[in-house]
Amino acid sequence: MSTEIIGYGFDDVISDGFHYNERNKVLEIYFDEGGKKVNDEWVSTEKPCKLVIEKWKDAMGRKEGKNIFQCLDDHLGVVSLILGIKYENDRLELDINTTDDRYVTWVFVSPKVRVELVD
């Protein structure tokens, strides 16, 4: 699975920050840098950025090897790496490695997704 979303990618980039607000439905994953597709080539942003996922209708999670999705809160953890991103049919799926070395999949239904450069 690719780690590309809306023209940005995070292959082999370790996250350096994480923010989750359940009530406001906002999840942010921070990186020292990401990559952006320019003329069909990946170019480093060379600037800190964050992946923002917000305003979802539903959010679920599951452990690696399990088939059943449960409440996202049961599978939250500070993100170390994004191993894969898939976004189709208004469903965002992230394969995550957490800092406590768990492998989980997060699914967001009808989210707003963007990448922002961070000063």
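Positive contributions from Lys and Arg (+1) and negative ones from Asp and Glu (-1), summed over other residues with Cβ under 10 Å from the Cβ of residue 70, come out at +1.
In this structure residue 68 has an accessible area near 120 Å², from a 1.4 Å probe over the protein heavy atoms. Multiplying the residue separation of residue 21 and residue 117 by 0.36 nm and subtracting their alpha-carbon distance yields 32.6 nm. Per-residue SASA remark: residue 25, around 70 Å² accessible (1.4 Å probe; ligands, DNA and RNA not included). If the label point is 7 Å along Cα→Cβ of residue 93, which residues in the range 45-80 have backbone nitrogen under 16 Å from it? Backbone N within reach: 59-70.
The values are calculated or read from the model by the stated rules, or taken from the named source; none is laboratory data. Every value quoted in this text rests on a predicted model; they were computed, and no experiment measured them. When we count neighbours, we look across all protein chains shown, and the Cβ atoms used for this are built from the backbone with ideal geometry, even at glycine. Note: accessible area is taken over every heavy atom of the protein model, side chains too, but ligands, DNA and RNA are not part of it. Shrake-Rupley method; radii C 1.70, N 1.55, O 1.52, S 1.80 Å.
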